[in-house]
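For reference, the structure is listed below as structure tokens.
The values are calculated or read from the model by the stated rules, or taken from the named source; none is laboratory data. Keep in mind that this is a model prediction, so the values were computed, not measured. Cβ sites come from the backbone with ideal geometry, for glycine too, and all protein chains shown count toward neighbours. To get the accessible areas, we keep the full protein, side chains included, count just its heavy atoms, and leave off ligands, DNA and RNA. Shrake-Rupley method; radii C 1.70, N 1.55, O 1.52, S 1.80 Å.
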Amino acid sequence: MPNLLLSYYGDDFTGSTDVMEALASNGVPTVLFLGIPSAAMLERFKDCRAIGVAGTSRSETPEWMDEHLTPAFAWLKSQGAGICHYKVCSTFDSSPKVGNIGRAIEIGKMLFNQPVVPVIVGAPQLKRYTAFGHLFAAYQGRVFRIDRHPVMSRHPVTPMDEADLTVHLSKQTSLPVSLADLATIVAADADERIDRLVKGDDGILLMDVDSTETQAAAGRQLWRLKNKGGSFVAGSSGVEYALLNAWRDEGLIGPKPDFQQPGKVERLAVVSGSVSPTTERQIRRAVADGFDGIDVDPLELVGEDAERALEKAANAGIASLKEGRSVILHTALGPSADRGGDIDRIPGARHRLGQALGILLRRLIEQEGLGRAVIAGGDTSSHALQELRVDALTTLLPLPQTPGSPLCTAHGNHAPTNGLQIALKGGQVGTDDYFAQIRDGRSS
């Protein structure tokens, strides 16, 4: 596609919409595909300046990455964008066996024939900061080093027990990891210092970002260092927030668009596989605000009688919707209700659970003609959305106060979900009244 500034692969679906929101709300028309699109689908979005492919690699093995990321990165490279970005979560949670960021970087580095892969994780817009290689993240108004974060240090699948990202990455790849620290990024001779780092290495270059100043400086370096045929980079949506500064300085993007609030719907359906305390608070607040909360046993959804459990949950959700009420069907209500240990004893159960929640949501949408829905949980969203028979997403309403969870418009050939308004909410994302905010179609 001509005039593409950026292409990207998101390692989960919520993170993919995070990037889309960051770009679209800052004057870069962006489309997110749910797989490598057909020529006809790609043509529908030929005027976009950025394109993404949403994936599930955050919850996959290195072997899965070898098989699936290789063709995805090759297709993105063929689109000719200045930057190709492998997007990871801003909390960087990953491990050698699950969501291995180091292996993904190795694949991209090889395909782009690139000596050094820049990485940016800090994103002040999301209250994520890197300082001298260490990652910090906010929670409930306080900033924690990631290995002391009340939630991410206890993540049920990939707990973050190391804050130094150079050390964390070294456990996932044999590539050397160097650092352009805060002092280097803002130095008067930053270009020369970073050129020395790039020319003297063959691996990964982590760039610190802890403020708008260092973010702008890092973005200028990313754009300055890009190769003529396109460069491969990795990191959070901090990559896009950094690049926006460089693009704006060069006059490559227009003014921020004015997104109109779509207004309230009478009935909203939510499915949640999140065990986050943030999501727990949001569910409890929504129930207090008039939503019906329905507890769904996750083991039943992945057990031998899964179809009966699915039918039972669907009937309960439809009954609430027919009464004119919004509904949240959840498999856990906070960390105390986490059944992850039992789920992990069943091979492939986590993926099947997400798929089951997607099928459940599709039944509610189809039978009740719903026009708006939410999927809560990062891994849940990645597997559930694929069951809605959607091919692409665009941004309908950014949420500036809680970036990373916009209301989107779905596009595809399945009539009940073509045009559906859908939000994908990561476990840690959103204010306590998030679900009512989406139901009411308001940006704050």
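Just to confirm the number: angle between the C-alpha axis of helix 13-24 and the first principal axis of the chain, 0 to 90 degrees, nearest 10?
The two axes meet at around 60 degrees.
If the cut-off is a Cα-Cα distance under 15 Å, which aspartates and glutamates reach Lys109, setting aside same-chain residues fewer than 8 apart in sequence?
Asp66, Asp201, Asp202
Once a ≥ b ≥ c are taken as the square roots of the eigenvalues of the Cα gyration tensor of the range 216-277, is the result rounded (a/c under 1.5), prolate (a/b larger than b/c) or oblate (a/b not larger than b/c)?
Since a/c reaches 1.5 but b/c is at least a/b, the shape of the range 216-277 is classed as oblate.
Along the charge dipole of the chain, Cβ charges K/R +1 and D/E -1, which of Pro347, Ser274, Trp223 sits furthest on the positive end?
Toward the positive end, the furthest listed residue is Trp223.
Restricting to Cα pairs below 8 Å that are 6+ residues apart, what does the relative contact order work out to for the range 31-143? Please round to a whole percent.
Relative contact order comes out at 21 percent.
Add +1 for every Lys or Arg and -1 for every Asp or Glu among the other residues with Cβ under 12 Å from the Cβ of Asp305, and state the total.
So the surrounding residues net to -3.
What's the ranking of 100-111, 343-354, 154-165, 182-193 by average number of surrounding C-beta atoms within 10 Å, highest first?
The peptides rank, most packed first, as 100-111, 154-165, 343-354, 182-193.
Would you please classify the overall shape of the range 1-91 from the alpha carbon gyration tensor, given that a ≥ b ≥ c denote the square roots of the eigenvalues, rounded means a/c under 1.5, and beyond that prolate means a/b larger than b/c while oblate covers the rest?
oblate
Label the range 277-431 by shape, choosing from rounded, prolate and oblate, from the square roots a ≥ b ≥ c of the eigenvalues of the Cα gyration tensor; if a/c is under 1.5 it is rounded, and otherwise prolate applies when a/b is larger than b/c, oblate when it is not.
Here the range 277-431 falls in the rounded category.
If the only charges are +1 at each Lys and Arg Cβ and -1 at each Asp and Glu Cβ, what is the size of the charge dipole of the range 139-258 around the Cα centre, to the nearest 20 debye?
For the range 139-258, the charge dipole is close to 260 debye.
Structure shown: which of Lys46/Lys97; Lys46/Lys226; Lys171/Lys228 lie over 27 Å apart, alpha-carbon to alpha-carbon?
Those over the limit are Lys46/Lys97; Lys171/Lys228.
Give the residue from Met65, Ser25, Tyr9 lying farthest towards the positive end of the charge dipole for the range 1-69; charges sit on Cβ (+1 for Lys and Arg, -1 for Asp and Glu) and the dipole is referred to the Cα centre.
Sorting the options by dipole projection puts first Ser25.
Relative to the Cα centre, what is the charge dipole magnitude of the chain, using +1 at the beta carbon of each Lys and Arg, -1 at the beta carbon of each Asp and Glu, and rounding to the nearest 20 debye?
620
From the helices alone, meaning DSSP H stretches of at least four residues, give me the mean residue ellipticity at 222 nm for the chain, per-run term -39500 (n - 2.57), in deg cm²/dmol to the nearest 500.
Value at 222 nm, helices only: -11000 deg cm²/dmol.
How charged is the neighbourhood of Ala392? Take every other residue with its Cβ under 13 Å from the Cβ of Ala392, and add Lys/Arg as +1 and Asp/Glu as -1.
Here the charged neighbours net out to +1.
Please turn the phi angles of the range 431-443 into ³J(HN,Hα) values with the Karplus equation 6.51 cos²θ - 1.76 cosθ + 1.60 (θ = phi - 60°), one per residue in order, whole Hz, x for glycine and proline.
Here the 3J(HN,Hα) series is 7, 4, 9, 4, 5, 5, 4, 5, 4, 7, x, 10, 7 Hz.
Aspartates and glutamates within cross-link reach of Lys312: Cα-Cα under 20 Å, excluding same-chain residues under 8 positions apart?
The reachable aspartates and glutamates, counting only those whose Cα sits under 20 Å from Lys312, are Asp292, Asp295, Asp297, Glu300, Glu304, Glu323, Glu366, Glu368, Glu387.
At what distance in nm do the modelled label points of His351 and Ala187 sit from each other, each positioned 7 Å from its Cα along Cα→Cβ?
4.6
At 1.4 Å probe size, what's the solvent-accessible area of Ile204? Round to the nearest 10 Å².
Taking all protein chains as shown, Ile204 has close to 0 Å².
Indicate, rounded to the nearest 5 percent, the antiparallel portion of the DSSP beta bridges found entirely in the chain.
Taking every DSSP beta bridge within the chain, about 30 percent pair in antiparallel fashion.
Taking the chain as the reference, fit the longest principal axis to its C-alpha atoms, fit the long axis of helix 277-288 to the helix C-alpha atoms, and give the angle between the two in degrees, 0 to 90, nearest 10.
Roughly 40 degrees, rounded to the nearest 10.
Measure nothing but the geometry: give the 0 to 90° angle between the long axis through the Cα atoms of 212-225 and the longest principal axis through the Cα atoms of the chain, rounded to 10°.
Tilt of helix 212-225: around 70 degrees.
Of (1) 0.96; (2) 1.18; (3) 0.98, which is the value of Rg/Rh (Cα atoms, Kirkwood Rh) derived from the coordinates here?
For Rg/Rh (Cα atoms, Kirkwood Rh), the calculated option is (1).
Ordering His411, His68 by accessible area with a probe of 1.4 Å, largest first, what comes out?
So the residues, ranked largest to smallest area, are His68, His411.
I'd like the antiparallel share, as a percent to the nearest 5, of DSSP beta bridges with both residues in the range 23-160.
70
Express in whole angstrom the spacing between the alpha-carbon centres of the range 305-364 and the range 197-249.
40
Please name whichever of Thr214, Thr158, Gly369 sits farthest to the positive end of the charge dipole of the chain, dipole taken about the Cα centre and charges placed at Cβ: Lys and Arg +1, Asp and Glu -1.
Positive-most Cα among the choices belongs to Gly369.
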